[in-house]
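S.K.: Input: one structure, supplied below.
The values are calculated or read from the model by the stated rules, or taken from the named source; none is laboratory data. Model, not experiment: these values are computed from the prediction. Every residue, glycine as well, gets a Cβ built from its backbone with ideal geometry; the counts of neighbours run over all protein chains shown. Surface accessibility is based on the protein's heavy atoms, side chains included, excluding ligands, DNA and RNA. Shrake-Rupley method; radii C 1.70, N 1.55, O 1.52, S 1.80 Å.
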Amino acid sequence: MKKARVGILGATGMVGQRFVTLLENHPYFEVTVLAASKRNEGVRYEDAVSDRWKIELPIPDYAKDMKLKVVQDVETVSKDVDLVFSAVDMNKEEIIAFEEAYAKHEVVVVSNNSANRWTDDVPMLIPECNADHLAVIEAQKKRLGSKKGFIVVKPNCSIQSYTPALVALKKFKPKRVVVTTYQAISGAGKTFKSWPEMIENVIPYIGGEEEKSEKEPLKVMGHVENGKIVNASEPLITCQCVRVPVVNGHTAAVFVEFEEKPTIEEIRKCFSEYRGLPQELALPHAPKQFIHYMEEEDRPQVKLDVNEDGGMALMIGRLREDSMFDYKFIGLSHNTLRGAAGGGLLSAELLYAKGYLNS
Ligand SMILES: NC(=O)c1ccc[n+]([C@@H]2O[C@H](COP(=O)([O-])OP(=O)(O)OC[C@H]3O[C@@H](n4cnc5c(N)ncnc54)[C@H](OP(=O)(O)O)[C@@H]3O)[C@@H](O)[C@H]2O)c1
């Protein structure tokens, strides 16, 4: 199959930089456009990011000489792309306006922004968990009046360290969940250099994060009905989100009560056997094993485990019975790989493999 032409909107930002590195020599995609704000119009990519490159890998050669276009120049950018990855820092109304404009210009939009997460005909994808939500795209195209263009979004990075575990255990009907997340500074687009106050510090507040962490899993666990995604009504989730001095990797401490309490062996079997379409289709960025259960009593650890399976796996450990709930466990996922650009890229690979970029 011919490679699809892709653009990165917000290519100079932290998530955009991750897309630039992940897309080097990609088997399905060729990067044809890098775009950022008007401030950087026409600037060489390398010049625009040289003093703010935040990725541990070098700037890929293919990107260095590309001249930046402007995100809002939908007409111009659309001519050169089949799909755009959207990761910009702008207000919600502006984001909804340009993402819909791209879709109406027959471009597929895979968004890392939160603006369209609650639009009920926009799938919020964790590709292993709710690929069936792609069924809503026909209704979205009808609303937008497009033939090929549509929008899918990726959920917030915080929920990826526990939601797939709840999905894997869905048949036991999780009823009540208490979560505390311990979130890396890269989730705020920061490094220790740009956020020195975080060194040796813990900040018990991340604006808007707790609401997202409590509600977004219910959309992921929902179903498609009459051209809309209907959110699940359970489990009831309450969450506290804490910023910790870690560069990459969100950890979650999770307590769960079920309607039909499983055994520990049943839970571990569900985790180890959990597969989704990305594994079946052997997508380039699909982890071979999505949920890893770690036996050691002091794992998963950020330093040792966050990059497992290319930073695309969910690492779980310390599963045990709880005195108030049924069980408790610890989850860990990479927030800028699985939780941001990697998750967006896996969604795009799924769309490509399922033929959504040709229809
Ligand atoms: N960091 C994470 O781990 C993470 C995880 C999940 C989701 N997200 C989401 O992803 C998005 C990007 O996050 P980030 O951390 O990469 O942000 P960032 O590093 O601040 O980058 C922001 C990007 O947006 C562009 N931009 C800013 N204002 C613009 C404007 N008025 N018009 C056009 N482009 C504009 C910037 O271009 P210039 O360089 O030209 O200013 C830059 O490319 C946000 O919505 C964030 O919530 C981030």
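S.K.: Angle, helix 264-273 long axis vs. longest principal axis of the chain, Cα atoms, 0 to 90°, nearest 10?
M.R.: 20 degrees
S.K.: Translational diffusion coefficient of region 158-334 at 25 °C, 0.890 mPa s, Stokes-Einstein with Kirkwood Rh over Cα pairs, in µm²/s as a whole number.
M.R.: Numbers: Rh = 16.9 Å.
Answer, rounded: 145 µm²/s.
S.K.: Quick check: the distance between the Cα centres of region 121-198 and region 216-244, to the nearest angstrom?
M.R.: 9 Å
S.K.: Now for a different question. Taking the convex hull of the Cα atoms, report for the chain its projected area averaged over all directions, in nm². Could the numbers behind the result be given before it?
M.R.: Working: hull surface 68.4 nm².
Here the figure is 17.1 nm², rounded to one decimal.
S.K.: Also, I was wondering about something else. If the cut-off is 19 Å between C-alpha atoms, which aspartates and glutamates fall inside it for Lys79, apart from same-chain ones fewer than 8 positions away?
M.R.: Leaving aside aspartates and glutamates fewer than 8 places away in the same chain, those within reach of Lys79 are Glu30, Glu41, Glu99, Glu100, Glu106.
S.K.: Taking the DSSP beta bridges in the chain as the whole, what percent of them are antiparallel, to the nearest 5?
M.R.: Numbers: 25 of 58 bridges.
Taking every DSSP beta bridge with both residues in the chain, the antiparallel ones total about 45 percent.
S.K.: What does the charge dipole of the chain about its Cα centre add up to, to the nearest 20 debye, if the Cβ of each Lys and Arg holds +1 and the Cβ of each Asp and Glu holds -1? Provide the component values of the computation, followed by the final result.
M.R.: Details: 46 positive and 51 negative charges, 139 e Å.
Taking the Cα centre of the chain as origin, the dipole is about 660 debye.
S.K.: Find out how many positive minus negative residues lie around Ala340, taking Lys and Arg as positive, Asp and Glu as negative, among other residues whose Cβ is under 11 Å from that of Ala340.
M.R.: Details: positive: Arg18, Lys154, Arg338; negative: none.
With Lys, Arg at +1 and Asp, Glu at -1, the net is +3.
S.K.: What is the pair-distance distribution P(r) of region 88-152, computed from all Cα-Cα distances in 10 Å bins starting at 0, with each bin given as a whole percent?
M.R.: 23, 57, 20, 0
S.K.: Taking the Cα-to-Cβ direction at Glu75 and at Glu225 and moving 7 Å from each Cα, how far apart do the two end points lie in nm?
M.R.: 4.4 nm
S.K.: Moving on. Which value at 222 nm does the chain reach when only helices count, each DSSP H run of 4 or more adding -39,500 (n - 2.57), with the total divided by all residues and rounded to the nearest 500 deg cm²/dmol?
M.R.: On the way: 14 runs with 100 residues, N = 359.
Roughly -7000 deg cm²/dmol at 222 nm, from the helical runs in the chain.
S.K.: Looking at this model, which pairs from Lys215/Lys288; Lys219/Lys303; Lys171/Lys354; Lys104/Lys142 are more than 21 angstrom apart at the alpha-carbon?
M.R.: Working: Lys215/Lys288 28 Å; Lys219/Lys303 31 Å; Lys171/Lys354 27 Å; Lys104/Lys142 11 Å.
Too far apart for the 21 Å limit: Lys215/Lys288; Lys219/Lys303; Lys171/Lys354.
S.K.: While we're looking at this one, here's another question. Can you send over the carbon and sulfur percentage of the accessible area for region 2-57, probe radius 1.4 Å, protein chains only?
M.R.: Working: 1160 of 2540 Å².
Reported share for carbon and sulfur atoms: 46 percent.
S.K.: Measuring from centroid to centroid over Cα atoms, what is the spacing of region 46-79 and region 246-266 in Å?
M.R.: 39 Å
S.K.: Let me ask something else. Roll a 1.4 Å probe over the protein chains and send me the accessible area per residue for region 203-290 in Å². Let's see the in-between values first.
M.R.: Working: 4380 Å² over 88 residues.
Each residue of region 203-290 exposes 50 Å² on average to a 1.4 Å probe.
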